[in-house]
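The values are calculated or read from the model by the stated rules, or taken from the named source; none is laboratory data. Because the structure is a prediction, the values reported are computed rather than measured. Backbone-built Cβ (ideal geometry, glycine too); neighbour counts: all protein chains shown. In case anyone asks, the SASA skips ligands and DNA or RNA and just uses the protein heavy atoms, side chains included. Shrake-Rupley method; radii C 1.70, N 1.55, O 1.52, S 1.80 Å.
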Amino acid sequence: MICYVFFLFIIIETSALGRRKRYVIGVDVGTESVRAALLNIHDGKVIGEAVEKLKTYYPLPGCVEQRPEDWYDSLGKVTKKIVEFAQIKAEAVAAICLATTSCTVVACKSEDGSPVRTAIMWCDARAASEASMTTATKDQALCVGNGAVSAEFFIPKALWIKRNEFDSTWRWASRVCECQDWLNYKLSGVWVVNSCNIATRWHGDAEKAVQSTKKDSLNEWRPIALLRALDLEDLVQKWPTRCVAPGRCIGALSPEASVHLGLTTNTMLVQGGADAFVALIGCGAGVDGGAALITGSSHLQLVCVPTESIQEKKKSPFQTKPIWGPYPGAPLSYLTMAEAGQSSTGSALRFTADILFAGHESMAELDQQASLLPPGSDGLRARISFQGSRTPICDPYARAELSSLSLAHRRPHIWRALIEAIALGTRDNMRNLFHWLSQDKSAVNIPPLPVCGGATRSKFFLQTHANFLNSSVVVQHSNAPMIGAAALAAACLYFREDKSNSKLTDKRHRESLRRLTHNWQLSPSVIDVIEPNHDEAAQLEDLFPSNIQSMDLNLVQVSASLLAADTGFLVNDAKVAHKAGAWLHIDICDGSTFSRFALSSLGPASIKALRQAIPDAYLDVHLAANDPYRHFSALAASGANRVTVQLEAIDDIERLVNAVQHAFILFGCRFGLALAPQTPIESIQRFLDAGLDIDLINILAVEPGTGGQLLQKHVLDKLTLLATRYPHIPFRQIDGGLNPSNARAAVLAGANVLAAGSAIFTTNYQRKNSLSSSVYRETSIANAVLDLQQGGGRPLDFFCSDEKKKIRKGGRGRSDSKKK
């Protein structure tokens, strides 16, 4: 009898343990705070939440930093709070997972993780020149479409540290990693890297990284060629060697971390990921694929699909699309993702409310007043690039602005203009993403779009987005990163990995996430649905037109005028400009009136030499000479890709037609027309009527023949007329007087080719240092080309001015006083 009772007691106790509630903790380490949520593993019910604010430092414009120690301290506080609030035992918390900011760079010591300097935050834009240098490599690992590598990305920031803080930071930091990697180390004592970050921000191969087992084979996933081109190969030694995919177990909490968090060493640490990507899981869009708009300090527009479902042609890196990706292995190992984004959205609104409108209306009151205004905010326009822009134009130098501001406008007008600018960017980005998926050249209809994040608290914000998208906005969790992190932790507990078969692991991982998504009711977890106002949507389409047809074209092409290059370095300078993505613009002048009596030293022999030295260069020849028909064939035979003839020199169209046709048939040479500043745009009509195939019109903004002149602003009106009246002519070039401060105006007027000489080959640095080293000269040329290519923006060269040097050396790095 006693044995029977004892046996029954064991059965009852074991059964009770089987039914014992278990919990997981999802953490969101964001820009402004660390937030944590405790969830029941069985149904996903949120038991408790806690938040700790973070302090952010702004040492210089464009520079944003935080102390890593603050993340860890705040993490300990929030986990203790929620466990205490829920009145559960620490042993009941089975796993914890973190969603963190991405491209927040930590330089520290690998032996204990102690930071060598403050962390450079994801939104920091100081590495603009390093981003230009990275773009200039044209490495095949870069998945940045037709734009440039963002200054927010990891590698430009690491390069900035090496170039500017070598003695104070780089040489002392044996580990340079992400915020995610650093916190995972602090919690487990193990250094690992996240496969999603490898795919999206480190330009590596996530699939190879996850499959790698031998330390020596890990170089296969690293972008070695890219790092070598940047003289950054030593970064390889500073990266963690082990890779763990999101949703996989890293290990148990270390004894120190378990005490700090108020948990136990039996609590499992599960790999998380970038907050926006983890939010996809939290709103149910990232298990079998889907799309979502993730709001917060910034906007991310994301689309992901199962990798096996993608056509092979869609897997290669984007070369001409104004979006980033595709990224195989992101956000989960069996998915492929494409993305677009806006750097400053929620942060722009918060800045406006707290700084510009401080002491006036609240954000809710501004929403209400702005909603009464007509679409278009009575003509007021805003640009919200407070910290540069990502897509569709990647420009780290871009800054916010208001245009068409009048005395009749009030604060609600500004508020509405800002929200419309944010929604406009979202619309164009989402159309570009779905255009990639559909490969349909016609207009793209956006399906109902899940939206999560802090912005979901504003009904006016959501309604404006629905109207711009002309589609339903499906409101989901505002705390999706926390929910997503908790879901990854719970899914890891749902299955046991089979390390001998990665495909089986992926399959089981997906099934575990599917089961969890159903149990937690993530997919149908709809808080609200905002339907578009179709009348307002039509008005917005008229006010803010979108041209999906042109998305596969590069936004602007630079043509580097060799007239301003140093003749002693002509071939070398041409090679650098070509590598940076520029055409080579060659002015040939014979001293006639058509070139303002200027005589150039370049001719067919120079073109032939350039073609031999740079076989794949695009040679853009401008011929300002008497009797141009006589020279056309010789220039084409020498290797010119296009010969653009000065219109005023043409007095026999029939001879011109014969010369152009002969050059095209024999050499494939294209034809263009150049117009002097005073020549009206209508002058080209007679050449079109003659049947000439003109693929470029060069609008001279200066008098032909000499460089260094100022741009004549009235020619911008000619550009606009050209784009309006002759849209079939693919290339609209503006030539002369260009620099980063006026290039944007030229692009807005209609130019898509910028011919510049002095702005590229005669920078401030070169004028002051005629005997500059070849490395500095080459970097200067490459940066100048990229500054112009991005539509104009002030260059941030480290060798230009004292003010710029201060920005480049800005930050809260270790002082050199100890060394001295």
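Figures for the structure shown
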read-out	value
Selection count, the stretch 170-203, where residues are in a loop (DSSP other than H, G, I, E, B), within 19 Å of the chain's Cα centre (by Cα) and not hydrophobic (A, V, I, L, M, F, W, C)	2
Complete set of residues in the stretch 680-693 that are more than 17 Å from Asp717 (Cα to Cα), modelled with pLDDT of 90 or more and open to solvent by less than 30 Å² (accessible area, probe 1.4 Å)	Phe687
Selection from the stretch 296-317 of residues that are in a strand (DSSP E or B) and either surrounded by fewer than 20 Cβ atoms within 10 Å (Cβ to Cβ) or at pLDDT below 75 (or both)	Val305, Pro306
Meets criteria (touching a Pro at 6+ places or on another chain (Cβ under 6 Å) and part of a strand (DSSP E or B)) for Val621	no
Of all residues in the stretch 342-400 being charged (D, E, K, R) and closer than 26 Å to Ile120 by Cα, the one that is farthest from the chain's Cα centre (by Cα)	Asp354
Residue within the stretch 175-188 that is touching a residue at least 40 places away in the same chain (Cβ under 8 Å), crowded, with 24+ Cβ neighbours inside 10 Å and over 18 Å from Asp112 (Cα atoms) present	no
Conditions (1) within 16 Å of the chain's Cα centre (by Cα); (2) open to solvent by less than 10 Å² (accessible area, probe 1.4 Å): number failed by Cys143	(2)
Condition met for Asp167 (surrounded by fewer than 20 Cβ atoms within 10 Å (Cβ to Cβ) and in a helix (DSSP H, G or I))	yes
Arg383 of a type in the set (Lys, Arg) and open to solvent by 50 Å² or more (accessible area, probe 1.4 Å)	yes
Close pairs from the stretch 60-86: first more than 21 Å from Cys123 (Cα to Cα) and among the polar types (S, T, N, Q), partner open to solvent by 10 Å² or more (accessible area, probe 1.4 Å) and outside any helix (DSSP H, G or I), Cβ under 8 Å, at least 6 apart	Thr79/Ala50; Thr79/Gly262; Thr79/Leu263
Exclusive hit being charged (D, E, K, R) and either open to solvent by less than 70 Å² (accessible area, probe 1.4 Å) or at pLDDT 90 or above (or both), set Arg457, Arg514, Arg510	Arg510
Lone qualifier among Pro677, Pro727, Pro740 - being surrounded by fewer than 23 Cβ atoms within 10 Å (Cβ to Cβ), touching a strand residue (DSSP E or B) at 6+ places or on another chain (Cβ under 6 Å) and part of a loop (DSSP other than H, G, I, E, B)	Pro677
Residue within the stretch 446-453 that is at pLDDT below 85 and either hydroxyl-bearing (Ser, Thr, Tyr) or within 23 Å of the chain's Cα centre (by Cα) (or both) present	yes
Residue identified as more than 21 Å from Ala276 (Cβ to Cβ) and either at pLDDT below 95 or touching a strand residue (DSSP E or B) at 6+ places or on another chain (Cβ under 7 Å) (or both) among Cys97, Cys108	Cys108
Selection status of Leu602, within 18 Å of Asp735 (Cβ to Cβ), buried (at least 17 other Cβ atoms within 10 Å of the Cβ), at pLDDT 90 or above and within 42 Å of the chain's Cα centre (by Cα)	no
Cβ-Cβ under 7 Å pairs, at least 6 apart or on other chains, the stretch 681-694 side farther than 12 Å from Val657 by Cβ, far side open to solvent by less than 60 Å² (accessible area, probe 1.4 Å) and basic (Lys, Arg)	Ile681/Lys718
Residue count, the stretch 460-481 (criterion: touching a His at 6+ places or on another chain (Cβ under 8 Å) and open to solvent by less than 20 Å² (accessible area, probe 1.4 Å))	1
Output for the stretch 568-588, where each listed residue is open to solvent by 10 Å² or more (accessible area, probe 1.4 Å) and not aromatic (Phe, Trp, Tyr)	Gly568, Leu570, Val571, Asn572, Lys575, Val576, His578, Lys579, Gly581, Asp587, Ile588
Residue match in the stretch 233-247 (condition: over 17 Å from Glu91 (Cβ atoms) and over 33 Å from the mean Cα position of the chain (by Cα))	no
Selection from the stretch 103-140 of residues that are touching a Lys or Arg at 6+ places or on another chain (Cβ under 9 Å), closer than 14 Å to Trp71 by Cα and open to solvent by 10 Å² or more (accessible area, probe 1.4 Å)	Pro115, Thr118
Matching option when the condition is outside any loop (DSSP other than H, G, I, E, B), open to solvent by less than 30 Å² (accessible area, probe 1.4 Å), touching a His at 6+ places or on another chain (Cβ under 9 Å) and not charged (D, E, K, R), among Gly76, Gly48	Gly76
Residue that is open to solvent by less than 40 Å² (accessible area, probe 1.4 Å) and assigned to a loop (DSSP other than H, G, I, E, B), where the choices are Leu366, Leu373	Leu373
Residue within the stretch 219-231 that is free of Cβ contacts under 8 Å to residues at least 40 places away in the same chain, at negative phi and crowded, with 18+ Cβ neighbours inside 10 Å present	yes
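Results for (1) surrounded by fewer than 24 Cβ atoms within 10 Å (Cβ to Cβ); (2) in contact with a His (Cβ under 7 Å, 6 or more places away or on another chain), shown as yes or no for each residue.
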site: Cys249; (1), (2): yes, no
site: His260; (1), (2): yes, no
site: Cys283; (1), (2): no, yes
site: Ala291; (1), (2): yes, no
site: Ile294; (1), (2): no, no
